[in-house]
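**Student:** Once you've had a glance at the structure underneath, I'll fire off some questions.
The values are calculated or read from the model by the stated rules, or taken from the named source; none is laboratory data. Since we're looking at a predicted model, the values are computed, not measured. As a convention, Cβ positions derive from the backbone with ideal geometry for all residues, glycine included, and neighbour counts pool all protein chains shown.
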Amino acid sequence: MTHQTIIVLDFGSQFTQLIARRLRELSIYCEILPFDAPLAEIARREPAGIILSGGPRSVSDAGAPRCDTGVYGLSVPVLGICYGMQLMTAALGGEVAPAPHREYGLATIEIQPGAPLFTSIPGHLRVWASHGDLVKAPPPGFAVTATSANAPVAAMASETRRLYALLFHPEVAHTDHGTEILRNFVYGVCGCRGDWTMSSFVEEATARIREQVGQGRVVCGLSGGVDSTVAAVLIHRAIGDRLTCIFVDNGVLRQDEAQQINKRFERLSLPLVFVDASALFLERLAGVTDPETKRKAIGATFIDVFEREAKALGAFDFLAQGTLYPDVIESVSVVGPSHVIKSHHNVGGLPDRMRFRLVEPLRQLFKDEVRLVGKELGLDDEFVWRQPFPGPGLAVRILGEVTATRLALVRHADHIVAEEVKRAGWYRRLWQSFAVLLPIQSVGVMGDARTYEHTIAIRAVESRDGMTADWARLPHELLTAISSRIVNEVKGINRVVFDISSKPPSTIEWE
Ligand code: XMP
């Protein structure tokens, strides 16, 4: 089945994915394409509407990204947001000029009555804006539909051509009624029906997997996280026991994690091959202190174990992966290529010699949607809403060498952090919260005795996608509970510190 589709053309805004996520929340299927996608490729998808994203450049720059101007003539509604608005203005004969004051943050706009994009929305709105240019004069045939103190044209529209534009960002949470504005565009203007739901996704994905795999056998490397588990459950729904899941216990998991995975798979009647390779991983990690070397050692050991196990299980035709939509989107580099800060060794990185065809049932989904699909498939709430956990596990949360003793310290402390954060009702609000074992010892006093023991750092961050993050302002009572429990219950720790750095310039993990 094909869904009514909105195409989002990406001009490099940090909010492009957010636009798509908002549309998906409105039950609208959408795809992000690079700004220079050929017109034929856009038209082939028969979009119900097109959104031009924001972007960091000025339309007056020589090398500014531009889309094919044919998008305005496809007879489908187009909505330009911020840079997208300026581009539309410049392309259709209006005037764009540098703003006297660069607008960044909240602004108030006044809405003209009767504009379809603002149906059922109050006449004054607080909106979130971020732009250096503004529209001085709209193109011929356009009406001004909103104004602000600093921008004579905060929104404009040509009803006859079904072209719309906003100088502000409806997709960010700080814009009042932003979601309603997007809803008015897709439902009111584009005539979408909202045919993208997670239950329809489950049905369609199941049928697609059956068709792709035929009578073949599929092997799935489980990481224990939400993505690979949901992928496995979906594939099992489609092909039953022609799916085999392999879970490798790498010895750097959280407390009770391996047993929980076993139990979950038992409850779901999913075939699981459980391999306890923790001793081998610890052996390969012995003496390793450099973070990247740790990651590489864990990645390489995983491949060795997985390959050996898969071979022992006979011939497989397909490898299942929990690839998500953000991994698939062709990223636009209008501000220069991004650098690899840390190499991420996940199940995905199998070498060429293990030639499998791939089954990637979650390729269309954002993380929030994977969680909804997980719920739909009967996975428990607590699991589905788990905070992300890195593939190299606790190894990158032990600064210095990974040993069984040091693992036990960080694992116990991490468990206490999770328990207390959940008890305080903060777990879902945080992107991640965890303990890090520092490579230092310090002096303390316990009873009458002097101690010289290890230090745990608490890391708790709020983030939208892990790319940037801010340290969480945890209540002092919560910090007190975490600290006193760790010092009292974890033998070998006599000091707890709280990490108050944001990303950038720090990273979320300490290694
Ligand atoms: P950083 O530390 O780079 O982390 O700010 C950003 C997000 O990525 C996770 N992370 C990893 N995930 N393998 C993974 O699967 C890795 O090697 C890895 N390193 C960091 C981290 O937990 C955070 O959510």
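Residues checked against (1) within 16 Å of the ligand (Cβ to nearest atom); (2) at pLDDT below 95; (3) under 14 Å from S228 (Cβ atoms); (4) not assigned by TED's automatic domain parsing to the domain that holds V218:
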| site | (1), (2), (3), (4) |
| --- | --- |
| V335 | no, yes, no, no |
| I341 | yes, yes, no, no |
| H344 | yes, yes, no, no |
| V347 | yes, yes, yes, no |
| K367 | yes, yes, yes, no |
| V373 | no, no, yes, no |
| E376 | no, no, no, no |
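**Student:** Do we have L430 as modelled with pLDDT of 95 or more, within 16 Å of the ligand (Cβ to nearest atom), in a loop (DSSP other than H, G, I, E, B) and of a type in the set (A, V, I, L, M, F, W, C) here?
**Tutor:** Yes; evaluated as a whole, the condition is true for this residue.
**Student:** Of the residues G492, G466, which is at positive phi, more than 16 Å from the ligand (Cβ to nearest atom) and assigned by TED's automatic domain parsing to the domain that holds A424? Steps first, please.
**Tutor:** Details: G466 fails: more than 16 Å from the ligand (Cβ to nearest atom).
Criteria check complete, one pass: G492.
**Student:** Of these, V443, V487, which one is among the β-branched types (V, I, T), touching a strand residue (DSSP E or B) at 6+ places or on another chain (Cβ under 7 Å) and more than 18 Å from H412 (Cβ to Cβ)?
**Tutor:** V443
**Student:** Which members of the range 495-511 meet the condition of being within 16 Å of the ligand (Cβ to nearest atom), modelled with pLDDT of 95 or more and in contact with a Gly (Cβ under 9 Å, 6 or more places away or on another chain)?
**Tutor:** Within the range 495-511, just I508 meets the criteria.
**Student:** Taking the range 390-401, which residues are within 14 Å of H454 (Cα to Cα) and either hydroxyl-bearing (S, T, Y) or within 16 Å of the ligand (Cβ to nearest atom) (or both)?
**Tutor:** R397, I398, L399
**Student:** Further question: State yes or no: is A404 of a type outside the set (K, R) and within 16 Å of A457 (Cβ to Cβ)?
**Tutor:** Working: of a type outside the set (K, R): yes; within 16 Å of A457 (Cβ to Cβ): no.
No: the conditions fail for A404.
**Student:** Quick check on my filter: what residues within the range 149-161 are touching a Ser or Thr at 6+ places or on another chain (Cβ under 8 Å) and surrounded by fewer than 21 Cβ atoms within 10 Å (Cβ to Cβ)?
**Tutor:** The answer is A149, and nothing else.
**Student:** Here's another thing I want to ask about it. Within the range 116-123, identify whether any single residue is touching a Ser or Thr at 6+ places or on another chain (Cβ under 9 Å) and either more than 17 Å from Y164 (Cβ to Cβ) or without any contact (Cβ under 8 Å) to a residue 40 or more places away in the chain (or both), and answer yes or no.
**Tutor:** No, the conditions are met nowhere in the range 116-123.
**Student:** In the range 79-92, what residues are touching a helix residue (DSSP H, G or I) at 6+ places or on another chain (Cβ under 6 Å) and either of a type in the set (S, T, Y) or closer than 16 Å to I19 by Cβ (or both)?
**Tutor:** L79, G80
**Student:** Identify all residues within the range 1-40 that are assigned to a strand (DSSP E or B) and either of a type in the set (D, E, K, R) or on the phi > 0 side of the Ramachandran plot (or both); write none if there are none.
**Tutor:** Residues of the range 1-40 that are assigned to a strand (DSSP E or B), as a first pass: 5-10, 29-34.
Within the range 1-40, D10, E31 qualify.
**Student:** Next up: Collect the residues in the range 120-139 that are over 13 Å from Q86 (Cβ atoms), part of a loop (DSSP other than H, G, I, E, B) and touching a strand residue (DSSP E or B) at 6+ places or on another chain (Cβ under 6 Å), keeping them in residue-number order. Steps first, please.
**Tutor:** Taking the range 120-139 and keeping what is over 13 Å from Q86 (Cβ atoms), we get 120-128.
Keeping just the survivors that are part of a loop (DSSP other than H, G, I, E, B) gives 120-123.
Within the range 120-139, just G123 meets the criteria.
**Student:** While we're here: Which of the residues that make up the range 426-455 are polar (S, T, N, Q) and either over 38 Å from the mean Cα position of the chain (by Cα) or exposed (fewer than 14 other Cβ atoms within 10 Å of the Cβ) (or both)? Let's see the steps before the verdict.
**Tutor:** Step one: of the range 426-455, the residues polar (S, T, N, Q) are 432-433, 441-442, 451, 455.
Of everything in the range 426-455, those that are polar (S, T, N, Q) and either over 38 Å from the mean Cα position of the chain (by Cα) or exposed (fewer than 14 other Cβ atoms within 10 Å of the Cβ) (or both) turn out to be S442, T451.
**Student:** Looking only at the range 287-312, which residues are touching a Pro at 6+ places or on another chain (Cβ under 7 Å), at pLDDT 95 or above and either on the phi > 0 side of the Ramachandran plot or of a type outside the set (D, E, K, R) (or both)?
**Tutor:** Of everything in the range 287-312, just one residue is touching a Pro at 6+ places or on another chain (Cβ under 7 Å), at pLDDT 95 or above and either on the phi > 0 side of the Ramachandran plot or of a type outside the set (D, E, K, R) (or both), namely I298.
**Student:** Turning to a different aspect of this structure: Limited to the range 17-43, what total is found for residues that are over 22 Å from F201 (Cβ atoms) and free of Cβ contacts under 8 Å to residues at least 40 places away in the same chain?
**Tutor:** Of the residues in the range 17-43, 8 are over 22 Å from F201 (Cβ atoms) and free of Cβ contacts under 8 Å to residues at least 40 places away in the same chain.
**Student:** Going residue by residue through the range 312-319, is there one that turns out to be more than 20 Å from A404 (Cβ to Cβ), over 29 Å from the mean Cα position of the chain (by Cα) and of a type outside the set (A, V, I, L, M, F, W, C)? Can you show your working first?
**Tutor:** First, the residues of the range 312-319 that are more than 20 Å from A404 (Cβ to Cβ): 312-319.
Still in the running and over 29 Å from the mean Cα position of the chain (by Cα): 312-317.
Restricting the remaining residues to those that are of a type outside the set (A, V, I, L, M, F, W, C) gives 314, 317.
Yes; the residues of the range 312-319 include at least one that is more than 20 Å from A404 (Cβ to Cβ), over 29 Å from the mean Cα position of the chain (by Cα) and of a type outside the set (A, V, I, L, M, F, W, C).
**Student:** A further question on this structure: Of all the residues that make up the range 469-489, how many are more than 16 Å from the ligand (Cβ to nearest atom) and either of a type in the set (A, V, I, L, M, F, W, C) or closer than 30 Å to T293 by Cβ (or both)?
**Tutor:** Count: 7.
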